[in-house]
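The values are calculated or read from the model by the stated rules, or taken from the named source; none is laboratory data. Please read all numbers here as calculations on a predicted model, not as lab measurements. Note that each Cβ is placed from the backbone with ideal geometry, even for glycine, and that neighbours are counted across all protein chains shown. The accessibility values were calculated without ligands, DNA or RNA, using every heavy atom of the protein model including side chains. Shrake-Rupley method; radii C 1.70, N 1.55, O 1.52, S 1.80 Å.
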Amino acid sequence: MAAARRLKRVAISQPGFLTLNPKVTPTDLVSSRRKRVNKNKKKNWNKYSDVQDVEEFLEDVRHQERTTGGLLCEKSDDSLFFLDVGQPKKVEEKEAAEPVKGKKRKGKSSRPLRIDLILQHDSLVAPPKDVLAYQKPNAKKLRRTAERAEKLAAKGVVPRSKKRLLNRTVVDRTSKKTETEANNNPERDFYDIWGQETKDLGEPWYLQQTRKKLVKRPEKLNEKPSVLPAVEVIAPGGSYNPDFFSHQELLREAHEVELKKKKVEDKLERQLAYNKADTATEETILREQVEGLVEESEEEEEKDAPKEDGEEVAVGAIAVADKKTERQRKREKAEKIKEQQRLTERRQTEQQQQLFQLRSIKTSIKQQEETTQVRQKRRKAKEEAQKAQPRRLGKLKFQPQDMEVQLSDELAGSLRQLKPEGSVLMDRFKSLQKRNLIEPRERAKFKRRLKVKYVEKRAFKEIS
């Protein structure tokens with residue numbers, strides 16, 4: 001093969017060799033020795049790569065797109081070929097009449113100018129599509145909103161904006177506007193000017209925009225912060241001339257309150273109490289001062305002796321664990337697998353046994369439901385009881401007022417001999433705190449910055 005190629009090269013190099021293509025010279029057919037180039041480097045790709053065939057192919061494709069509007073291989077046969085049926089027969093023309101003045105003659109003057117033909121768009125390539133013309137801002141968000149609205153409409157849910165429009169009163173444009181009646185009109189309607197409800201003399205929208213109609217008060221503001229009454233009625237035993245049993249009941253309640261206070265004070269005293277045997281004496285004080293100064297060598301030696309023996313024992317107790325053999329490892333692995341299988345079987349058996357325990361399961365579920373209902377009732381009762389209790393509105397806790405009660409020997413038979421108990425102002429102040437209208441407060445403590453200086457006036461000196 002190599003010898004035949006060499007013979008061909010020698011024949012082409014001889015003078016007088018003729019080629020079939022006159023444009024091709026014999027020297028072009030002689031293949032020169034290929035140059036070895038390293039294609040691993042990027043700078044040699046374009047330098048030693050022959051891409052002429054690729055460029056010719058791309059130029060041919062662009063030429064077809066400009067002239068025909070696409071590739072010829074994709075065109076239909078009807079657009080590329082036509083059927084030649086010969087020249088059409090010429091119809092005998094009548095003798096042309098004489099040219100009329102004012103009309104231009106058809107011919108070279110009716111053809112378009114050369115400059116216009118040059119400026120015409122001769123390429124059949126479609127203009128590029130303007131991508132920005134098809135883009136919409138927040139298109140993805142709007143599409144999601146539209147899909148959500150369609151789902152809600154399919155479920156029958158009306159959006160809030162449409163609901164507002166539906167609830168809004170429709171104004172009849174054809175009807176005449178309501179005119180304010182004159183004060184001197186004897187046929188006008190009468191209404192109570194001191195009544196609670198005001199008379200609307202216009203459209204609701206107009207009155208709302210002109211601030212002539214009051215804003216609807218929220219229902220939350222109509223709720224009272226506490227269910228307690230403003231004035232609590234005192235127990236029957238607090239009367240100036242009470243019944244014996246009712247008075248004893250009031251004394252018992254006051255006694256329980258005092259017992260609770262006493263219990264709190266005793267608990268605080270127990271927490272602050274200390275053992276009198278632990279009080280410091282002169283001997284203990286001296287021992288603490290001298291501690292560490294006296295040398296106790298004998299005691300240290302006695303302590304060190306057993307410590308050394310203990311160290312030796314601890315060192316001797318350390319044992320090196322033997323390395324497990326392959327047989328032991330396999331046995332442990334098999335036992336582990338058996339244990340897992342046993343647990344799996346046991347779990348499956350328990351699940352199967354649960355099928356025969358449906359009656360007991362139903363009973364337990366029923367008991368749980370009853371327990372839940374009892375807890376709900378208890379929680380509801382607790383919430384109702386909390387409504388009557390004062391809430392924590394500030395950093396201070398509400399302290400109830402002391403009970404106003406008189407002993408049996410302090411009772412008076414008439415209002416003249418009755419001794420006043422408590423203060424009306426303090427009672428109202430505590431009532432406001434208890435009903436969560438104001439937060440619990442304390443009287444501000446007055447602290448004098450400068451000492452009071454007593455000066456003896458001259459007029460007093462003269463008298464003394």
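Brief remarks follow.
- Every condition in (1) at pLDDT 90 or above; (2) loosely packed, with under 10 Cβ neighbours inside 10 Å holds for R443 except the one numbered (1).
- Reported count of residues in segment 381-390, each being part of a loop (DSSP other than H, G, I, E, B) and in contact (Cβ under 8 Å) with a residue 60 or more places away in the chain, is 2.
- Flag for K397 being over 17 Å from S239 (Cβ atoms), loosely packed, with under 10 Cβ neighbours inside 10 Å, touching a residue at least 12 places away in the same chain (Cβ under 8 Å) and not β-branched (V, I, T): yes
- Segment 424-440: number of residues that are surrounded by 10 or more Cβ atoms within 10 Å (Cβ to Cβ) and either at pLDDT below 90 or assigned to a helix (DSSP H, G or I) (or both): 9
- Breaking point among (1) over 28 Å from L432 (Cβ atoms); (2) surrounded by 11 or more Cβ atoms within 10 Å (Cβ to Cβ), for D266: (2)
- Restricting attention to segment 35-51, the residues that are assigned to a helix (DSSP H, G or I) and open to solvent by 100 Å² or more (accessible area, probe 1.4 Å) add up to 4.
- Members of segment 146-161 found to be surrounded by 11 or more Cβ atoms within 10 Å (Cβ to Cβ) and part of a helix (DSSP H, G or I), listed by number: R148, A149, L152, A153
- Filtering segment 400-423 to residues that are among the acidic types (D, E) and either part of a loop (DSSP other than H, G, I, E, B) or surrounded by 10 or more Cβ atoms within 10 Å (Cβ to Cβ) (or both) leaves D402, E404, E410, E421.
- Test: Q406 is within 60 Å of the chain's Cα centre (by Cα) and of a type outside the set (D, E): no
- Check on I361, of a type in the set (A, V, I, L, M) and more than 28 Å from E258 (Cα to Cα): yes
- Scanning segment 65-81 for residues that are in a helix (DSSP H, G or I) and either open to solvent by less than 80 Å² (accessible area, probe 1.4 Å) or closer than 20 Å to S123 by Cβ (or both) turns up E65, R66, T67, T68, L72, C73, E74, S79, L80.
- Within this structure, A459 passes the test of being open to solvent by less than 70 Å² (accessible area, probe 1.4 Å), among the small types (G, A, S) and modelled with pLDDT under 85.
- Residue that is nearest to D402 (Cα to Cα), among those in segment 230-262 that are in a loop (DSSP other than H, G, I, E, B) and among the charged types (D, E, K, R): E232
- Every condition in (1) at pLDDT 90 or above; (2) surrounded by 10 or more Cβ atoms within 10 Å (Cβ to Cβ) is met by N241 except one, and the failing one is (1).
- Odd one out for K224 among (1) in a helix (DSSP H, G or I); (2) open to solvent by 100 Å² or more (accessible area, probe 1.4 Å); (3) modelled with pLDDT of 85 or more: (1)
- For P88: the one exception among (1) at pLDDT below 65; (2) assigned to a loop (DSSP other than H, G, I, E, B); (3) not basic (K, R): (1)
- Residues that are under 30 Å from R441 (Cβ atoms) and either within 35 Å of the chain's Cα centre (by Cα) or open to solvent by 100 Å² or more (accessible area, probe 1.4 Å) (or both) within segment 364-388 comprise K382, E383, E384, Q386, K387, listed in sequence order.
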